[in-house]
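Just so it is clear, none of the values below were taken in a lab; they were calculated from the coordinates. Values in this document were obtained by computation on a predicted structure and should not be read as measured data. Cβ atoms come from the backbone with ideal geometry, glycine included; neighbour counts cover every protein chain shown.
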Amino acid sequence: MAPMHSTEPAAAAIYTAGERAILLEVAARSIAHGLEHRRPLDLDPDTYPEPLRAIRATFVTLERRAALRGCIGVLEACRPLVADVAQNAFAAAFEDPRFPPLNAEEYPDLVIKLSILTPAEPLVFGSESELLAQLRPGIDGLILSDQGRRGTFLPSVWEQLPNPRDFLAHLKRKAGLPSGHWSETLRVARYETESFGAPIAQLQLQV
């Protein structure tokens, strides 16, 4: 079956259905490899289609029975897309500090969701009201930083926090700051994601 697609507004689709399927299969194989070998799938990016070798930043979210089971990613692009997916899929399954490492019994029930990030764009604002006026619910992922602290919300978080003021307040708390925090040194950047996913049971995995 074809991968399911996110309903959230996002950046225009860049990757074909076939490329998306490859990335989802790589994520699933990396988790399976981790169950057996306790390390991510070792792959050669040069053997994959050119679009999957571009240096991109990703997040991998795992769900099981409609509940979050892990989410790990990076905000700065630092390695080929296919390698980033393999690494983050492994980390989401075994290294998310909120959850115990995945076990083999859980694997068949996983749903894998991938988010490929656009480069972050700094926002310019002089007050919180100016910042809030620029936010695009359902589209923007945000990176907030101040006082040596940083946090991010993917665009999918708008589904739980559709009000921009609530979204920003919760992001401040995630970054370790008070929800009402404001200072001249506060920095916020936004990005978009191309997001898609599928249950592992629907993927045609090649060992």
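Key figures
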| quantity | calculated |
| --- | --- |
| Degrees, to the nearest 10: 164-174 long Cα axis against longest axis of the chain | 70 degrees |
| Order of ASP44, ASP166, ASP140 - criterion: other Cβ atoms within 10 Å of each residue's Cβ, fewest first | ASP44, ASP166, ASP140 |
| Angle in degrees between helix 17-37 and the longest Cα principal axis of the chain, rounded to the nearest 10 | 80 degrees |
| Karplus (6.51, -1.76, 1.60) ³J(HN,Hα), θ = phi - 60°, over the range 125-132, in Hz, Gly and Pro reported as x | 7, x, 7, 5, 5, 5, 5, 4 |
| For the range 91-108, 3J(HN,Hα) per residue [Karplus equation, 6.51 cos²θ - 1.76 cosθ + 1.60, θ = phi - 60°, Hz, x = Gly/Pro] | 5, 5, 7, 10, 10, 6, x, 7, 9, x, x, 4, 10, 4, 5, 7, 3, x |
| Neighbour count of at most 13 Cβ within 10 Å plus DSSP loop: longest trypsin sites (Lys or Arg not before Pro)-free window in the chain | 99-207 |
| For the range 145-207, the Rg and Dmax computed from alpha carbons only, in angstrom | 16.3, 53 |
| Value of relative contact order over the chain, rounded to a whole percent, pairs C-alpha under 8 Å and six or more apart | 27 percent |
| Net charge of neighbours whose Cβ lies under 12 Å from the Cβ of GLY70, counting Lys and Arg as +1 and Asp and Glu as -1 | 0 |
| The chain - Rg and Dmax from Cα coordinates, angstrom | 17.4, 53 |
| HN-Hα J in Hz across the range 186-200 - Karplus 6.51, -1.76, 1.60, θ = phi - 60°, x for Gly and Pro | 5, 10, 9, 10, 10, 8, 10, 9, 9, 10, 7, x, 6, x, 4 |
